[in-house]
Amino acid sequence: MKIKHNNVLGYFIETPATHADKMLSAPLSETFIHRQTTANQVRFTTVELSELETKILNAGHNALEIEKRLYSTLTRAVLDCSDKIFTTTRALSEMDLTAGFADLASFENWTRPLLSNGREFSITGGRHPVVEAALRGQGDSGFIANDCAFADSEAAAIWLLTGPNMSGKSTFLRQNALIALLAQSGSFVPATEAKLGIVSQLFSRVGASDDLARGRSTFMVEMVETAAILNQADDRAFVILDEIGRGTATWDGLSIAWATLEYLHETNRCRALFATHYHELTQLADTLKGVENATVAVKEWEGEVIFLHEVHKGAADRSYGVQVARLAGLPTSVVERARVVLEQLEKSDRDGGNTPKALIDDLPLFSAAPPPMPTPAKTSPALDRLSEIEPDSLSPREALDLIYELKKISASQ
């Protein structure tokens with residue numbers, strides 16, 4: 001005897017057909033109710049089995065009803081205590097945020113900013129918190145801190161920042177925007193000292209991205225974002241703009257950058273950092289009262305470009321693009337060819353300008369240029385001597401003697 005289930009009969013009792021006569025006769029027929037006969041089996045049910053089947057079929061529905069009832073009770077209890085819950089969660093979130101800020105301020109040596117209702121923007125020894133942490137994690141030298149100061153006046157205050165790629169212009173722009181954001185959110189800031197007038201709006205136009213799905217090129221996205229800034233920024237806003245106009249022809253880009261800078265100065269009258277490779281824009285500092293030139297310092301040594309990452313007043317004389325291309329790993333022949341073309345272009349500009357075809361005709365064929373010869377490695381007795389030194393093992397007297405020794409070696413070369 002077996003108890004089985006199918007979708008037609010539900011639960012039933014099954015016996016072999018050899019026991020059919022016994023199951024269908026009294027007294028078993030009074031307990032077992034016949035349901036079906038097949039070639040080899042006879043199937044029955046009982047009152048108790050039918051009741052059990054009903055309970056099993058209703059169990060899922062009953063369980064769902066219980067769950068709904070418990071959930072409804074819970075939601076009512078939560079709603080009844082909603083004010084207390086919101087107050088508690090808000091307090092916990094503020095504690096979490098404040099503790100996070102305090103941990104950063106202590107561990108990263110941040111300082112408390114001074115906020116005012118004026119328009120001053122004076123940061124001494126400002127740093128980029130993310131870049132600084134990344135450098136420390138890589139074991140590199142410390143982050144080079146820089147100052148940024150605008151006068152506390154109702155006039156526009158704009159720094160026009162020039163300098164080569166890789167020198168730190170974008171980092172300088174973003175670190176000052178982050179400092180302003182952190183200060184107004186209640187945090188200490190990564191700087192030696194910070195005095196900030198309240199910033200009403202924070203705008204940035206940095207990086208390069210496109211939106212091809214909507215038919216927007218990189219340059220179109222750049223112009224849309226620039227338009228949003230020019231149409232919305234007020235005199236209390238802080239704006240950072242990185243390389244406006246770079247996505248189109250040189251003169252078009254220069255014209256757009258020029259007009260954008262004038263509009264920020266004359267109409268928006270906001271505080272702004274404007275990074276550019278268009279050195280022609282530096283002339284605007286002579287005609288626009290609120291515009292100051294600033295540049296990121298670099299140093300050339302034996303044909304190498306050394307980025308000092310120091311921002312100071314003044315304008316860059318050139319962009320060092322060819323040198324940066326060489327640092328990126330472009331083939332030496334490509335870098336040398338670029339250097340030749342650059343010299344011809346600069347000479348043409350100084351001499352009044354040739355037609356493009358005449359300029360191309362004057363340049364030697366790229367294929368005719370011989371492959372560059374490998375440059376023999378330079379040796380230096382002073383550097384060889386330095387490589388033998390273990391600095392941590394030197395006493396002050398030995399270190400002083402070493403300086404004199406190196407000076408003597410250098411003088412003899």
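No value in this document is a laboratory result; all are computed from the given coordinates. Since the model is a prediction, treat every value here as computed from it, not as a measurement. For neighbour counting, all protein chains shown are included, and Cβ atoms are generated from backbone atoms with ideal geometry for every residue, glycine included.
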Under 5 Å from the placed amide H of Ile240, counting only residues 5+ away or on other chains, we find Phe203, Ser204, Arg205, Leu273
What helix-only [θ] at 222 nm does the chain give? Using -39500 (n - 2.57) per DSSP H run of at least 4, over all residues, to the nearest 500, the answer is -14000 deg cm²/dmol
With x for Gly and Pro, the residue-by-residue ³J(HN,Hα) of segment 194-207, computed from phi through the Karplus equation 6.51 cos²θ - 1.76 cosθ + 1.60 at θ = phi - 60° and given in whole Hz, is 8, 10, 10, x, 4, 9, 7, 9, 10, 10, 9, 10, 9, x
The chain, Gaussian network, Cα under 10 Å: of Pro16, Pro381, Pro331, the residue fluctuating most is Pro381
Excluding residues fewer than 8 positions from Lys84 in its own chain, the lysines with Cα under 29 Å of it are Lys68
Here FRET efficiency (C-beta to C-beta, Leu115 to Asp83, R₀ 35 Å, nearest 0.05) is 0.65
Nearest-0.05 FRET efficiency for Leu386 and Gln201 at R0 = 51 Å, using Cβ-Cβ distance, is 0.45
If one builds a Gaussian network model of the chain from Cα atoms under 10 Å apart, the most fluctuating residue listed among Glu30, Glu302, Glu336 is Glu30
Connecting every pair of Cα atoms under 10 Å apart in the chain and solving the GNM, the largest mean-square fluctuation among Thr73, Thr18, Thr218 falls on Thr18
Taking a crude spin-label model, label points 7 Å out from Cα along the C-beta direction, the Lys347 to Glu193 distance in nm is 5.2
Mean separation of Cα contacts under 8 Å (at least 6 apart) over the residue count of the chain, i.e. the relative contact order in percent, is 13
Expected sort for 387-395, 196-204, 56-64, 143-151 on mean C-beta neighbours within 10 Å, highest first, is 143-151, 196-204, 56-64, 387-395
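Only bridges whose two residues both fall in the chain count here: according to DSSP, what percent of them are antiparallel, nearest 5?
60
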Taking r as the C-beta separation of Asp211 and His34 and R0 as 60 Å, the FRET efficiency to the nearest 0.05 is 0.20
Of the candidates Thr73, Ile13, Thr37, the farthest towards the positive dipole end of segment 13-76 (Lys/Arg Cβ +1, Asp/Glu Cβ -1, centred on the Cα centre) is Thr73
Per-residue Cβ contact counts at 10 Å, fewest first, order Tyr278, Tyr263, Tyr71 as Tyr71, Tyr263, Tyr278
HN-Hα couplings for segment 4-13 via Karplus (6.51, -1.76, 1.60; θ = phi - 60°), in whole Hz with x for Gly/Pro, come out as 10, 8, 9, 6, 8, 8, x, 8, 8, 9
